[in-house]
Amino acid sequence: MSGIKTIQRVVKGVRNRFASRSPKAYLLALVLTLFYVGIYWYGWWFDPVLWLLDRPSMWLRGAPADHWFLYGTLYTVAVLGFGVRTFLRRRDDAYQRLRTISVMFVQLGLAYLLPNWFRAINQPEFYPSYFWPLKPEYLWPGDQGMGWMLSHPGGWGLAFVIFGLLMILVATPVLTYFYGKRWYCSWVCGCGALAETAGDDFRTEMPSSNRAWWWERALLYPILGLIVLITVALWLVSGPMSGSVAAPIVQTAARWYGFAIGATFSGVIGVGAYPLMGPRVWCRYGCPMAAILGVQQRIFSRFRITVNSGQCISCGACTRHCEMGIDVRRYAERGEPITRASCVGCGICANVCPRGVLRLENGPIDERRYIIPELLILEEDVFRDKLS
Amino acid sequence: MSKLVIVGNGVAGVTAARAARRRDARLDITLLAAEATPYYSRPGLHYVLTGLTRPEDLHPLPASYWDTNRIRVVHAEAHQIEAGAVVLTDGRRIPFDRCVLATGSRPRDLAGAAEVMAAGLACRLHRKEDIEAINYVLTTQREVQPTPEMQPPDRATAAPQPRAIVLGAGLTGLELAELCVQRGYRTDVFFPELDPQQAILDDVERTWLLARMTAHGVSFFRGESAQSIRMTPGPFPAGAEVLFTSGRTEQAHVVALALGVEPCVAIAQRSGIATSRGITVGPDFQTTQSGVFAIGDVAEMDGRISTLWYTARQQAMQMVDGWYGAKLVAGADPREAYNSAQFFGIDYHFWGDTSLLPGSAQDIHFVSASGNRAERRGKVANRFWSGKRPMVAPKGTDAPENPSATRMVRLIGFDGKLGAVSALGYRLRGDAVRADLGRPLVTIDPHRISTWGFEPEFTQTSWIRTEVRA
């Protein structure tokens, strides 16, 4: 009996302990932010505890522990531990069970064990679950990226480069066509893995206002434009335009991107904001991979969240639980399928809906915008909603 | 028509305003709201109490919505309807070309309830304001020392738990029972019918559902009508005492009232508009006063009133469609009605012809312009069920027909053709079921049942059929 009580307590989780915008929530946000600041720029903060991980580090990657290994280990332990909790919490839903196992497996296998093993055998520390532009260096020339990988002995570097190219140029468009961007954001990506497991309690913090949606588009697509520009420019200055005056500018831009977007936005803000704005701040406002996948999901994908016509009671559970800040209720009330670019397909809206109104599914692409016209459409607002 | 006045900002009134605005961008629309609380989802109240949503999430429309769509919202109470104008209690007159009465209903009262509720020993769930009261009552009463009468001898429970009594086994009663169980109360539901939910579920479904609810710690006491309620005797009342018409008395820490609702017909009666139980309306929702309409659970058509959220919404859209000569809203066909609910986390879905359900169900489900009082004979119920883990049948209850079922689908037929589908623990895809209505029953096999499913991807179900001839 006490075992069941413990499970119930674990499953209930920290949800009730970090009230929205409470002092505790701000404190946790501060702790997480400081942790990331330390990991990126003040690694020596963690020196006193590294010895604890020396044995596993030697065993896994043939080198003593450093603060990056500490980070990777903590990250993976968090995904696995909170993954068990998420699995129990959502155990009645087959989609959630499989999805949670998937992210746990990918994080442990592809984003922890494999890269460390590559390092142990003196090959590049390659993360097969991350591609350009999320890890932009995988398509960058020279010492910053592909050149460095190719410089390793044996064919491993070449295999990694080809794998990376295939994943972003072939696998990504194909999988996104069939399944929407959820195949990556909710089943593979490590950022998503932490978000769905450790971040599950905070998903209700993401604002769903029109204003937040405006900021999403104002930040996300320019960042994508930036990384595309930088990547193209890097290739230009390493090839046709090498030696030009642009070269140092581009190099600086690439380094700045790595600092501002790759580290500060993605890491420090991305995780630091968990208790205040939910676990998908990076995904919604910054991730260029999400931007690419989202555009394709919107215009060329079989994925949609189907709405079961008239059953919606407007309770608001779906909108509240959407970690991407989509006003799911608005679509559900009208019988309009959701094909939003930002939808990562976590499936929690469908999971919490008390009337079974929503279902994530893939279907004929020409039917995905079909709104059951008679049943529920009340209006496209006759006069456009103000920014609210 | 250039001026529309709607009395009531519940789902019926608000939907009528929105539908009318969609049809006519220049129409002058006024919405009279007697309550200060903006439009909210009443079915969602239960989910605020269980923690799924918060009170602020219940409002589907932003505050700016009314300005944006040029719908005037007046927070005032209507007193009566004269020819061409609504008279407010403060004396103001609001002229109209068309008026819609969407005044809804209020909870049925019980003698003594007001006093007991004021003392924090009883509660009911009807309005958003009740949320705070229910939370208060359930939290404070949990720690109270029980009287001997609150521990009835027929309950062999070792661990003392506070006791909750729920009066009524409709959806609201069952929701309150689920809430009391969640908050740690031993819960007893008393209801006047022989079987709860008898209007929408058949014997097998009901037995199965009751067994699952009983396993959660709820007991059901049938055939008991509450007569009055008072605080438990003594200087420091520990709880409330209910007197039933059978002479039985029961005491509990908390009593939750779910006795149903009565239409708010006062305004209509004052205005000389014909009322029976509710405001009498014709097939186009017009009352006996020209230009005045009524929708929602205040409206009575063919002697029937529907208390469903879905029906109120559809009636509003249907009424407005009728004004503009548009074809009736699909799903307004009573042969394609739908309903859904959730009992202790078990989804209930229904699609199809409500006339195939027991007579009283037609009241609950649907009231439409075409009406459907026809006597239908020769009902056939084919049942499919699907199960994984064996379900433990609690002591003292009859084992349900399909003890290991976790899902149950009932096909309701007429003349050998599919007329309606009822499902417990299994979500139905409305389009798919509607497309198969009218199909011969013998052609419906487990594969077809699976095509109706709206469960999450990767859900495995294998169906077993037991045929029942009713």
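The values are calculated or read from the model by the stated rules, or taken from the named source; none is laboratory data. If you're wondering where the values come from, they're calculated on a predicted model, not measured in any experiment. No Cβ is skipped: glycine too gets one built from the backbone with ideal geometry, and neighbour counts run over all protein chains shown. Protein only, heavy atoms only, side chains kept; ligands, DNA and RNA dropped before computing areas. Shrake-Rupley method; radii C 1.70, N 1.55, O 1.52, S 1.80 Å.
Residues in segment B:30-48 that are in contact with a helix residue (DSSP H, G or I) (Cβ under 8 Å, 6 or more places away or on another chain) and either facing another protein chain (nearest Cβ under 10 Å) or at pLDDT below 95 (or both): B:Tyr39, B:Tyr40, B:Ser41, B:Arg42, B:Pro43, B:Gly44, B:Leu45, B:His46, B:Tyr47, B:Val48. All of (1) without any contact (Cβ under 8 Å) to a residue 12 or more places away in the chain; (2) part of a loop (DSSP other than H, G, I, E, B); (3) within 17 Å of B:Ala34 (Cβ to Cβ) hold for B:Val87 with one exception: (2).
The set of residues from segment A:230-259 being exposed (fewer than 14 other Cβ atoms within 10 Å of the Cβ) and not aromatic (Phe, Trp, Tyr) comprises A:Val232, A:Gly239, A:Pro240, A:Ser242, A:Gly243, A:Ser244, A:Val245, A:Pro248, A:Ile249, A:Thr252, A:Arg255.
On the given criteria, is B:Gly112 among the small types (Gly, Ala, Ser) and in contact with a Lys or Arg (Cβ under 9 Å, 6 or more places away or on another chain)? It is true that B:Gly112 is among the small types (Gly, Ala, Ser) and in contact with a Lys or Arg (Cβ under 9 Å, 6 or more places away or on another chain). When restricted to residues that are more than 8 Å from chain A (Cβ to nearest Cβ), open to solvent by less than 20 Å² (accessible area, probe 1.4 Å) and assigned to a helix (DSSP H, G or I), segment B:12-29 contains 6.
Can you name the helices (runs of 4 or more DSSP H) wholly within segment A:47-114 that have at least 1 residues being out of contact with any His (no Cβ under 9 Å at 6 or more places or on another chain) and farther than 30 Å from B:Leu52 by Cα? So the answer is A:47-50, A:54-61, A:67-89.
Taken together, B:Cys99, B:Cys123 contain a single residue that is closer than 28 Å to B:Ala169 by Cβ and at pLDDT 95 or above, which is B:Cys123. Across segment A:16-39, the number of residues qualifying as modelled with pLDDT under 95 and within 21 Å of the chain's Cα centre (by Cα) comes to 0. Taken together, the residues in segment A:119-135 that are open to solvent by 10 Å² or more (accessible area, probe 1.4 Å) and of a type outside the set (Asp, Glu) amount to 11. Can you find a residue in segment B:418-426 that is at pLDDT below 90, open to solvent by less than 60 Å² (accessible area, probe 1.4 Å) and at negative phi? Looking for residues that are at pLDDT below 90, open to solvent by less than 60 Å² (accessible area, probe 1.4 Å) and at negative phi, one finds none in segment B:418-426, hence no.
Among the residues of segment B:126-145, how many are touching a Phe, Trp or Tyr at 6+ places or on another chain (Cβ under 8 Å) and either modelled with pLDDT under 95 or open to solvent by 20 Å² or more (accessible area, probe 1.4 Å) (or both)? Of the residues in segment B:126-145, 2 are touching a Phe, Trp or Tyr at 6+ places or on another chain (Cβ under 8 Å) and either modelled with pLDDT under 95 or open to solvent by 20 Å² or more (accessible area, probe 1.4 Å) (or both).
In the list A:Thr319, A:Thr306, which residue meets the criterion of being within 12 Å of chain B (Cβ to nearest Cβ) and either assigned to a helix (DSSP H, G or I) or at positive phi (or both)? The conditions single out A:Thr319. On the stretch given as segment A:352-365, residues that are more than 8 Å from every other protein chain (Cβ to nearest Cβ) and farther than 14 Å from A:Asp327 by Cα total 5.
Among the criteria (1) modelled with pLDDT under 95; (2) open to solvent by 40 Å² or more (accessible area, probe 1.4 Å), the one B:Gln269 does not fulfil is (1). Residue-level analysis places B:Arg383 outside the set of residues that are modelled with pLDDT of 85 or more, crowded, with 21+ Cβ neighbours inside 10 Å and part of a strand (DSSP E or B).
Within segment B:49-93, the set of residues being within 8 Å of chain A (Cβ to nearest Cβ) and touching a helix residue (DSSP H, G or I) at 6+ places or on another chain (Cβ under 8 Å) comprises B:Leu52, B:Thr53, B:Arg54, B:Asp57, B:Leu58, B:Pro60, B:Asn69, B:Arg70. Screening B:Asp67, B:Asp57 for residues that are acidic (Asp, Glu) and in contact (Cβ under 8 Å) with a residue 12 or more places away in the chain leaves exactly one candidate, B:Asp57. Note on segment B:421-433: residues that are over 20 Å from the mean Cα position of the chain (by Cα) and either aliphatic (A, V, I, L, M) or over 16 Å from A:Gly310 (Cβ atoms) (or both) total 2.
For segment A:205-228, the count of residues that are free of Cβ contacts under 8 Å to residues at least 24 places away in the same chain and either open to solvent by 50 Å² or more (accessible area, probe 1.4 Å) or outside any helix (DSSP H, G or I) (or both) is nonzero. Is at least one residue of segment A:36-49 aliphatic (A, V, I, L, M) and exposed (fewer than 14 other Cβ atoms within 10 Å of the Cβ)? Among the residues of segment A:36-49, at least one is aliphatic (A, V, I, L, M) and exposed (fewer than 14 other Cβ atoms within 10 Å of the Cβ), which makes the answer yes.
Okay, residues lined up against (1) buried (at least 24 other Cβ atoms within 10 Å of the Cβ); (2) touching a His at 6+ places or on another chain (Cβ under 7 Å); (3) among the hydroxyl-bearing types (Ser, Thr, Tyr):
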{"residue": "A:Val307", "(1), (2), (3)": "yes, no, no"}
{"residue": "A:Ser314", "(1), (2), (3)": "yes, no, yes"}
{"residue": "A:Ala317", "(1), (2), (3)": "yes, no, no"}
{"residue": "A:Glu323", "(1), (2), (3)": "yes, no, no"}
{"residue": "A:Arg330", "(1), (2), (3)": "no, no, no"}
{"residue": "A:Glu336", "(1), (2), (3)": "no, no, no"}
{"residue": "A:Thr339", "(1), (2), (3)": "no, no, yes"}
{"residue": "A:Pro354", "(1), (2), (3)": "no, no, no"}
{"residue": "A:Glu361", "(1), (2), (3)": "no, no, no"}
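Take segment B:433-464 and flag every residue that is open to solvent by less than 30 Å² (accessible area, probe 1.4 Å), assigned to a helix (DSSP H, G or I) and within 14 Å of another protein chain (Cβ to nearest Cβ). Correct list: B:Val433 only.
A single member of B:Arg92, B:Arg108 is within 26 Å of B:Thr307 (Cβ to Cβ) and open to solvent by 60 Å² or more (accessible area, probe 1.4 Å), and it is B:Arg108. Which of the residues spanning segment A:332-351 are within 12 Å of chain B (Cβ to nearest Cβ), farther than 17 Å from B:Gly453 by Cα and outside any loop (DSSP other than H, G, I, E, B)? Selection gives A:Ala332, A:Glu333, A:Arg334, A:Ile348, A:Cys349.
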